[in-house]
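**Student:** For reference, the structure I am asking about is given below.
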Amino acid sequence: MINARRFFRPTWAEVHLGALQDNLRRFRRRMPRSTKILFVVKGDAYGHGAVACAQAAQKVRVVDWLGVSSVEEGVALREAGIRLPVLVLGSLYPFESFLAAAEFGLTPTVASLDSARRLAEVARRLGRKVSCHIKIETGMGRIGMSPAAAVATATCLSENRLVDVAGAYTHFSCAGGPGAGADIDRAFTLEQLRRFRRALRDLARAGVSPCLRHAANSAAALRLPASRLDLVRPGLAIYGLYPGFKPVLSLKSKVVFLKTVPRGAVIGYGATFRARRPTRVATIPIGYADGLSRRLSNRGEALLGGRRCAIIGNVSMDMLMLDATAVPGARVGDDVVFIGRQGREEILAAEIAAAAGTIPYETTTALTGRVPRTFLLS
Ligand SMILES: Cc1ncc(COP(=O)(O)O)c(C=O)c1O
């Protein structure tokens, strides 16, 4: 076990890097040999710790690329010694960041003619070749060029011998997958894929044939084989937030205070919970400042003594209360699990997300810097 840093408050997240590596191998086995894998580690690896996850990924040698959302995220990986190719998936405005991206060997996304011109300028200034992936809009409505604009941009770039259009990609808007808030919309996703293929044909006709064509996230790669193309970009599955993969992150704390309150006693801010019977109440030092949603007030559950205990009253900034009546043996210092397994019971991030009215991506990404990540290697 490697501790990220010393901590005293007994609230922490365990990141099972061995499970992450197993997930990577499992994902690799399910893809054709010729399909490359870009592991998405943006948003601090969905809250799991980008550097540790990238290092673990680098060791298993089944990942070809990493994906981040900003130059800053990419630089942090380079400074930690990560050598894998890194694609910056986000928009690079202001375009000065192209220079930093090139200096740190990060591959930027070009999503407009304007940004293409600025990248060409950077290449001229550096006097060396830079490569990029161009982003094509097919139904996400976020960043990306229409197929016609993509042809104009790629042509402009390919005329400049210092810029290599190494990849072209699009992004599916309705490929959440089970547990991710909504199931994949096959018809919509296949229509996006058709639009993308048409755009690629237009590019080829204009003499631009990027080697890496990609579109699929976890759900699309697993469930729509036609979308795999040259490279797939999983995040969710690798963190075990997709069915069939091992959960990687557990969120834990301990009982710090225990009391029995009489029938009629109220609990927490706003007195939103009133005991209907004498109730054993456990106070746990975790709250919304840790990223545990306040929407779990009087809704969520946690595991104590191997049993599910209801969150009672409002979740406050630093603490919450559990109904521990069903665990008569509970003691101060006992472990409490919010995400993960205890005995025969397990709470998945997807369950917490559903109770909080959100998606697992947000549940793990929302965990704040106040929650130390403890990395487990096996
Ligand atoms: C451009 C891009 N590709 C791939 C992914 C990974 O998606 P998933 O976590 O559903 O596999 C994301 C995540 O949001 C993304 O923004």
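The values are calculated or read from the model by the stated rules, or taken from the named source; none is laboratory data. All of these numbers come straight from a predicted model, not from anything done at the bench. Cβ atoms come from the backbone with ideal geometry, glycine included; neighbour counts cover every protein chain shown.
**Student:** Find all pairs meeting these conditions: Cβ atoms under 8 angstrom apart; at least six residues apart or on different chains; first residue within region 239-261 and within 13 Å of the ligand (Cβ to nearest atom); second residue among the polar types (S, T, N, Q).
**Tutor:** Once the first residue is within 13 Å of the ligand (Cβ to nearest atom) and sits in region 239-261, its partners that are among the polar types (S, T, N, Q) give Tyr239/Asn23; Tyr239/Thr364; Gly240/Asn23; Leu241/Thr364; Tyr242/Ser218; Phe245/Asn23; Val248/Asn23.
Each row is one residue, and each column tells you yes or no for (1) crowded, with 20+ Cβ neighbours inside 10 Å; (2) of a type outside the set (Ser, Thr, Tyr).
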| position | (1), (2) |
| --- | --- |
| Thr153 | yes, no |
| Ser158 | no, no |
| Leu162 | no, yes |
| Gly176 | yes, yes |
| Arg201 | no, yes |
| Gly207 | no, yes |
| Ala215 | yes, yes |
| Pro225 | no, yes |
| Leu231 | yes, yes |
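**Student:** Being outside any helix (DSSP H, G or I) and in contact with a Leu (Cβ under 9 Å, 6 or more places away or on another chain) is the filter here, so list the residues in region 179-205 that pass it.
**Tutor:** Scanning region 179-205 gives Gly179, Ala180, Ile184.
**Student:** Still on this structure, I have one more. Please name all residue pairs, on different chains or six or more residues apart, with Cβ atoms under 7 Å, provided the first residue is in region 119-147 and is without any contact (Cβ under 8 Å) to a residue 24 or more places away in the chain and the second residue is in a loop (DSSP other than H, G, I, E, B).
**Tutor:** Filtered contacts from region 119-147: Ser146/Glu137.
**Student:** Collect the residues in region 7-49 that are acidic (Asp, Glu) and not in a helix (DSSP H, G or I), keeping them in residue-number order.
**Tutor:** Glu14
**Student:** Also, I was wondering about something else. Could you identify the single residue in Arg213, Arg223, Arg197 that is under 22 Å from Val68 (Cα atoms) and in the same structural domain as Gly144 (by TED's automatic domain parsing)?
**Tutor:** Sole residue among the options that is under 22 Å from Val68 (Cα atoms) and in the same structural domain as Gly144 (by TED's automatic domain parsing): Arg213.
**Student:** Would you check if Lys129 is closer than 18 Å to Leu212 by Cβ and charged (D, E, K, R)?
**Tutor:** Yes; evaluated as a whole, the condition is true for this residue.
Residue-by-condition table, conditions (1) closer than 18 Å to Pro247 by Cα; (2) among the hydroxyl-bearing types (Ser, Thr, Tyr):
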| site | (1), (2) |
| --- | --- |
| Gly291 | no, no |
| Gly329 | no, no |
| Glu346 | yes, no |
| Glu351 | yes, no |
| Thr365 | yes, yes |
| Thr368 | no, yes |
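**Student:** Taking region 270-325 only, how many residues are aromatic (Phe, Trp, Tyr) and touching a strand residue (DSSP E or B) at 6+ places or on another chain (Cβ under 8 Å)?
**Tutor:** So the count comes out to 1.
**Student:** Would you check if Gly305 is more than 23 Å from the chain's Cα centre (by Cα) and in contact (Cβ under 8 Å) with a residue 60 or more places away in the chain?
**Tutor:** no
**Student:** Are there any pairs, at least 6 apart or on different chains, whose C-beta atoms fall under 8 Å, with the first in region 270-281 and more than 13 Å from Leu320 (Cα to Cα) and the second outside any helix (DSSP H, G or I) and hydroxyl-bearing (Ser, Thr, Tyr), and if so, which?
**Tutor:** Arg277/Thr325; Pro278/Thr260; Pro278/Thr325; Thr279/Thr260; Thr279/Thr325; Arg280/Thr260; Arg280/Thr325
**Student:** Scan Leu99, Leu119 and give me the residue that is crowded, with 16+ Cβ neighbours inside 10 Å and closer than 22 Å to Pro147 by Cα.
**Tutor:** Within the list Leu99, Leu119, the selection yields Leu119.
**Student:** Ala265: more than 10 Å from the ligand (Cβ to nearest atom) and buried (at least 18 other Cβ atoms within 10 Å of the Cβ), yes or no?
**Tutor:** It is false that Ala265 is more than 10 Å from the ligand (Cβ to nearest atom) and buried (at least 18 other Cβ atoms within 10 Å of the Cβ).
**Student:** How about region 341-378: which of its residues are surrounded by fewer than 20 Cβ atoms within 10 Å (Cβ to Cβ), of a type in the set (Gly, Ala, Ser) and closer than 25 Å to Met317 by Cβ?
**Tutor:** Ala354, Ala355, Gly357, Ala366, Gly369
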